[in-house]
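Colleague: Please read through the structure below; I'll follow up with questions.
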Amino acid sequence: MRAKWAHISKNLWLTGALFPLAVMIFGFELLPIMGMLIDSFRTDDGNVWTLGQYITALKNPYYLVAIKNSLLISLLSSFIAIVVAAFVAYFITRLKPKSQEAVLTYVNLTANFAGVPLAFAYIIMLGNSGLFTILFQRWGLDIFSEFDLYSWSGLVLVYVYFQLPLAILLLYPIYFEIKEQWREAAHLLGASDMQFWLQVGLPVIMPGLVGTFSILFANAMGAYATAYALVGSNYNLLSVRIGALISGDVYARPHLASALAMLLALSLIAAMLTNEYMMRRIRRDLK
Amino acid sequence: MKEKRTLHRFAIALMFLYLFMPLIATFLYSIATDWYDTVLPKGLTLSWYVKLFQDVRFVAALGRTLFACSVAVGLNIAVMVVSLFIVSLYLPKLERFLQAFAMLPYAIPGVIGAVGLIKVYSSGPLAISGTVWLLIGAYFVVILPYTYQGTRNSMRTVDLPQLVSAAELLGASKPKAFFKVVLPNILPGVMVSALLSFSVLFGEFVLTNFLVGGYYETVQIYLMRRMRESGHLSSAVVISYYLFVFCLSWIALKLGQNFKNGNSDNLRGKKYELPHYR
Amino acid sequence: MSYLIIDKVTKKFDGTVVLNEISLAVERGELVTLLGPSGCGKSTLLRCIAGLNEVDGGRILLNDRDITYLAPRKRGVGMVFQSYALFPNMTVYENIAFGLKMQGLKGGYIAARVKEMIDLVGLGGKEKSYPRELSGGQQQRVALARSMIVEPDVLLLDEPFNALDAKIRKMLQMELKNIQKKSGMTMIFVTHDQEEALTISDRIFVINEGRVAQSGKPLEIYSQPASEFVARFIGNFNVLKGEEFERLVGEPLISGKSLAIRPEVIKLSLNGENGKGHNGSWRIKGKVVSVFLKGNILRYRVRSKDCILDVDVLNNSLDCSLNYDTSVDLVIPKDEVKVLNL
């Protein structure tokens, strides 16, 4: 009897110690997600169940364009970053181990440079009266006079900037999956460098490439601070639209924002599932 | 072979030029007296930094940032260490749930988090919207993935269950084993994740702006608002911010190296901690 | 002229000489072994032949071609690695077919050849498996088939069985020898295991410090070691200095050189049991210091006049082992004492 009581009191004590973490996770993680999920199926006054918010999000050209723009810039910036990073990360693996460590440390440092400070740095460099903008004007470099930092191309440039270090850091370890002896074996069996990469190298790192791409994609889809600091609410992106719908006092439509946020979350989940599906398709050996 | 290596070095140098260009430009701008139509600034000065740190509004913002970040990180670490200790010793079945909930915030962009938090806390019984308490709660969740991973990894490195058994066989009670044996051993690893979390929060803008933007001006909000007023002053903010984060990362790196006893082999195939959503 | 000629090949790594003007020749259809302790340069020599390491001096001739500076894929050299180096993204079939595919051959022909090879190495039914689904022994069979299918002029095997456990290792050694005889392929096998070298080789090159210490048929090397190094490395020989030996047998010797005696040629008996030694042998007294059971033999370590001698005795009865400090007689046949040149 006493043993049983000891058991129960011990359990109580343990549960009590876990209580703070449980409360915080519930209050600031699960509750908000559930609240948002419910909100997205409610009318603007919050009284009636409806699919209306989703219909608005997917039918209204304004929001449709925002979704399309977000998908485009995420795919494009991820693609550019992963192609460049694929080469750079490989080059890094060819350096001496000491240099590799140093290079990665510096890349890691720039990976922290994002959001508002990054947007600001680009405004200083390439904004309307930016350092390079004025220099290029004085030097008469007309190719750059067309460039507008506050437009699509400027946004892509900045997105690529914050995707690149992340892509390098994610791809670098992947190259160590290719064993040097595979390359040697392939060469001895008559394969050229190109044939080795096509037949062995790329298939081996493909899961890593696809996985990295999906992380980059998600990273760009969710990005808000950089775009907001650069173009405010002027450029039509999904994350910027969601922000405007919850922060604008007059135009605040939290239920529509919830529906858009759910769509954004769905796109991230889709990216993750595509990643897993692709992995299974590409590498039949990794069941 | 030699030619290829030169090509590699050139490509890497080019990448660094690209990656560091914005930082260099910002830095030069922050120490320039006047600079708008010349290749290099006309004169150099530290007056922007002096001005910045004399600005009461900035100093107040800095104080707010430090307060919110410290409370969130301190609270999180304390709760996380105790919870993981208990879960991995007594309730290993809960480990999977804890991992799922702790890692989930990593997959949620700030803007989505903001929608949910505003919905729950802007009205009703829990209307703490606009206060620092909501911000601290949000920060707490943002850094969960980092503190969870850091703490769990250091507990695994020291093989927690065995360590506690050893201490108990030598006559220590469980709480004593925790404070005298476990804590000192996992402290360096936990410190690393605390510093990492701190630098993540220091750069946090999205949640801060939505949840408390108008009421609780942090450094990031300050920067956002003054960005278009004075370029030089804002440059000084950016560089100061960056130096601070740089120092944090550097300390974390050194701590981490000591913790791993200088085993440099683990660079190969090392997975890096992921930066937070921007 | 020999089929494969290594002519004064030198290789340095960061200033350290790994191969020191090493020269050797291999005939067509031979299975030779490069045998030596780790770090002796045997694997480096193999990689130089394959073109995976560049040489710093000397020439390599294969089948009357100078291949010293050819790219690996143009040398007609195949290689089997210790770690198998199978392509993880390909099935057994695709791995074996790889070399023929690189030659741009037709699918039908490839399929027929792959089937032949799979039968040769005994992997029927595993065509669609991936390397990670195979055991170590099976993986090494695939590696063997993959490099043999392109019929290289010479096949290099770099400690191919090292990662396998003893039983499978022994089995694969025999199989490799059979396959080699059947195919008539020239093979160079690198190992640090003298037993393995003695079992499978037509000829052995003992390598030490980047040079050939001795070469010859397995039996020659085993019974006539040319130097103290070979004697110690090959057969656990008892190596004695000239003066030590003189003290031991109480007879002056002509040369002051070292001597080697195999442990199994010394006969051991209890004191006075067998009377006197014959004319063709020395008889000495000693005491047992220790005894090791090595499966089918017992190895006694015997001290005699401050010299230590190992003596192997066939372990044919369970209670014949002698205890510590037992006095024994040793009979050493005179013609089994080998004078070492170095």
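Colleague: Six or more apart or on different chains, Cβ under 8 Å: which pairs go from a residue in segment B:123-147 that's at positive phi to one that's open to solvent by less than 10 Å² (accessible area, probe 1.4 Å) and at pLDDT below 95? Could you list them?
Modeller: Taking only residues 6 or more apart or on different chains, the pairs are B:Gly130/B:Leu211; B:Gly130/B:Val212.
Colleague: Further question on the same structure: Of the residues A:Thr105, A:Thr50, A:Thr15, which is in the same structural domain as A:Tyr251 (by TED's automatic domain parsing) and among the β-branched types (Val, Ile, Thr)? Please lay out each step first, then the result.
Modeller: Values: A:Thr50 fails: in the same structural domain as A:Tyr251 (by TED's automatic domain parsing); A:Thr15 fails: in the same structural domain as A:Tyr251 (by TED's automatic domain parsing).
None of the others qualify; the one that does is A:Thr105.
Colleague: How many of the residues making up segment B:210-236 are in contact (Cβ under 8 Å) with a residue 24 or more places away in the chain and in a helix (DSSP H, G or I)?
Modeller: Step one: of segment B:210-236, the residues in contact (Cβ under 8 Å) with a residue 24 or more places away in the chain are B:210-212, B:214-222, B:231-233, B:235-236.
Then drop every residue that is not in a helix (DSSP H, G or I), which leaves B:210-212, B:219-222, B:231-233, B:235-236.
Selection size over segment B:210-236: 12.
Colleague: Could you pull out every one of the helices (runs of 4 or more DSSP H) wholly within segment A:1-62 that has 1 or more residues that are more than 23 Å from B:Pro125 (Cα to Cα), open to solvent by less than 40 Å² (accessible area, probe 1.4 Å) and without any contact (Cβ under 8 Å) to a residue 60 or more places away in the chain?
Modeller: Values: elements: A:2-25, A:31-40, A:52-59.
Here the list reads A:2-25, A:52-59.
Colleague: Then there is this: Looking at segment B:95-119 only, could you name the residues that are open to solvent by less than 30 Å² (accessible area, probe 1.4 Å) and either modelled with pLDDT under 90 or touching an Asp or Glu at 6+ places or on another chain (Cβ under 7 Å) (or both)?
Modeller: Going residue by residue through segment B:95-119, those that are open to solvent by less than 30 Å² (accessible area, probe 1.4 Å) are B:98, B:102, B:105, B:109-117.
Residue satisfying the conditions is B:Pro105 alone.
Colleague: Do we find a residue being assigned to a helix (DSSP H, G or I) and either exposed (fewer than 15 other Cβ atoms within 10 Å of the Cβ) or within 9 Å of chain A (Cβ to nearest Cβ) (or both) anywhere in segment B:32-46? Let's see the steps before the verdict.
Modeller: From segment B:32-46, those assigned to a helix (DSSP H, G or I) are none; that's our starting set.
There is no residue in segment B:32-46 that is assigned to a helix (DSSP H, G or I) and either exposed (fewer than 15 other Cβ atoms within 10 Å of the Cβ) or within 9 Å of chain A (Cβ to nearest Cβ) (or both).
Colleague: Here is a follow-up. Report whether or not B:Ser165 is free of Cβ contacts under 8 Å to residues at least 24 places away in the same chain and out of contact with any Asp or Glu (no Cβ under 7 Å at 6 or more places or on another chain). Let's see the steps before the verdict.
Modeller: Numbers: free of Cβ contacts under 8 Å to residues at least 24 places away in the same chain: yes; out of contact with any Asp or Glu (no Cβ under 7 Å at 6 or more places or on another chain): yes.
The answer is yes for B:Ser165.
Colleague: Can you find a residue in segment A:233-252 that is within 30 Å of C:Leu52 (Cβ to Cβ) and open to solvent by 20 Å² or more (accessible area, probe 1.4 Å)?
Modeller: Narrowing segment A:233-252 to residues within 30 Å of C:Leu52 (Cβ to Cβ): none.
No, every residue in segment A:233-252 fails to be within 30 Å of C:Leu52 (Cβ to Cβ) and open to solvent by 20 Å² or more (accessible area, probe 1.4 Å).
Colleague: Got a number for residues in segment B:4-23 being of a type in the set (A, V, I, L, M, F, W, C), without any contact (Cβ under 8 Å) to a residue 12 or more places away in the chain and surrounded by 13 or more Cβ atoms within 10 Å (Cβ to Cβ)?
Modeller: As a first pass, look at segment B:4-23 and keep what is of a type in the set (A, V, I, L, M, F, W, C): B:7, B:10-17, B:19-21, B:23.
Those left that are additionally without any contact (Cβ under 8 Å) to a residue 12 or more places away in the chain: B:7, B:10-17, B:19-21.
Adding the requirement that they be surrounded by 13 or more Cβ atoms within 10 Å (Cβ to Cβ) leaves B:11-12, B:15-16, B:19-21.
Final tally of qualifying residues: 7.
Colleague: Also: Quick one: would you say C:Leu61 is at the interface with chain A (Cβ under 10 Å from one of its Cβ atoms) and either assigned to a strand (DSSP E or B) or in contact with a helix residue (DSSP H, G or I) (Cβ under 8 Å, 6 or more places away or on another chain) (or both)? Steps first, answer last, please.
Modeller: Details: at the interface with chain A (Cβ under 10 Å from one of its Cβ atoms): no; either assigned to a strand (DSSP E or B) or in contact with a helix residue (DSSP H, G or I) (Cβ under 8 Å, 6 or more places away or on another chain) (or both): yes.
No; evaluated as a whole, the condition is false for this residue.
Colleague: Is there a residue in segment A:173-194 that is over 12 Å from the mean Cα position of the chain (by Cα), facing chain B (nearest Cβ under 9 Å) and without any contact (Cβ under 8 Å) to a residue 40 or more places away in the chain?
Modeller: Yes, segment A:173-194 contains at least one residue that is over 12 Å from the mean Cα position of the chain (by Cα), facing chain B (nearest Cβ under 9 Å) and without any contact (Cβ under 8 Å) to a residue 40 or more places away in the chain.
Colleague: Any chance you could count how many residues in segment A:226-268 are in a helix (DSSP H, G or I) and more than 7 Å from chain B (Cβ to nearest Cβ)?
Modeller: From segment A:226-268, those in a helix (DSSP H, G or I) are A:226-231, A:238-247, A:254-268; that's our starting set.
When the remaining residues are screened for being more than 7 Å from chain B (Cβ to nearest Cβ), the result is A:227-228, A:230-231, A:238, A:240-241, A:244-245, A:255-256, A:259-260, A:262-263, A:266-267.
So the count comes out to 17.
Colleague: Shifting gears a bit: For C:Gly78, all conditions in the list (1) more than 11 Å from every other protein chain (Cβ to nearest Cβ); (2) open to solvent by less than 10 Å² (accessible area, probe 1.4 Å); (3) small (Gly, Ala, Ser) hold save one; what is the number of the exception?
Modeller: (1)
Colleague: Something else: Considering A:Leu202, A:Leu170, which residue is closer than 30 Å to A:Leu95 by Cα, out of contact with any Cys (no Cβ under 6 Å at 6 or more places or on another chain), in a helix (DSSP H, G or I) and touching a residue at least 24 places away in the same chain (Cβ under 8 Å)? Break it down into steps so the answer makes sense when it comes.
Modeller: Values: A:Leu202 fails: touching a residue at least 24 places away in the same chain (Cβ under 8 Å).
Exactly one residue qualifies, and that residue is A:Leu170.
The rows are residues; the columns are (1) open to solvent by 50 Å² or more (accessible area, probe 1.4 Å); (2) part of a helix (DSSP H, G or I); (3) within 11 Å of chain A (Cβ to nearest Cβ).
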site	(1), (2), (3)
B:Arg57	yes, yes, no
B:Lys93	yes, yes, no
B:Gly137	no, yes, yes
B:Gln149	yes, yes, no
B:Val164	no, yes, no
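Colleague: Only one of A:Leu64, A:Leu95, A:Leu58 is of a type in the set (A, V, I, L, M) and within 25 Å of B:Thr6 (Cβ to Cβ); which? Talk me through it step by step, then tell me what you get.
Modeller: Working: A:Leu64 fails: within 25 Å of B:Thr6 (Cβ to Cβ); A:Leu58 fails: within 25 Å of B:Thr6 (Cβ to Cβ).
When all the criteria are applied, what remains is A:Leu95.
Colleague: Here is a follow-up. Cβ-Cβ under 6 Å, sequence separation 6+ or interchain: first residue in segment A:128-139 and farther than 18 Å from B:Phe27 by Cα and more than 9 Å from chain B (Cβ to nearest Cβ), partner of a type in the set (Phe, Trp, Tyr) and surrounded by 12 or more Cβ atoms within 10 Å (Cβ to Cβ). Which pairs?
Modeller: From residues that are farther than 18 Å from B:Phe27 by Cα and more than 9 Å from chain B (Cβ to nearest Cβ), the pairs are A:Phe136/A:Phe144.
The values are calculated or read from the model by the stated rules, or taken from the named source; none is laboratory data. Predicted, not measured: the structure shown is a model, and the values here were computed from it. Glycine also receives a Cβ, built like all others from the backbone with ideal geometry; neighbour counts cover every protein chain displayed. Please note that ligands, DNA and RNA were not included when accessible areas were found on the heavy atoms of the full protein model with its side chains. Shrake-Rupley method; radii C 1.70, N 1.55, O 1.52, S 1.80 Å.
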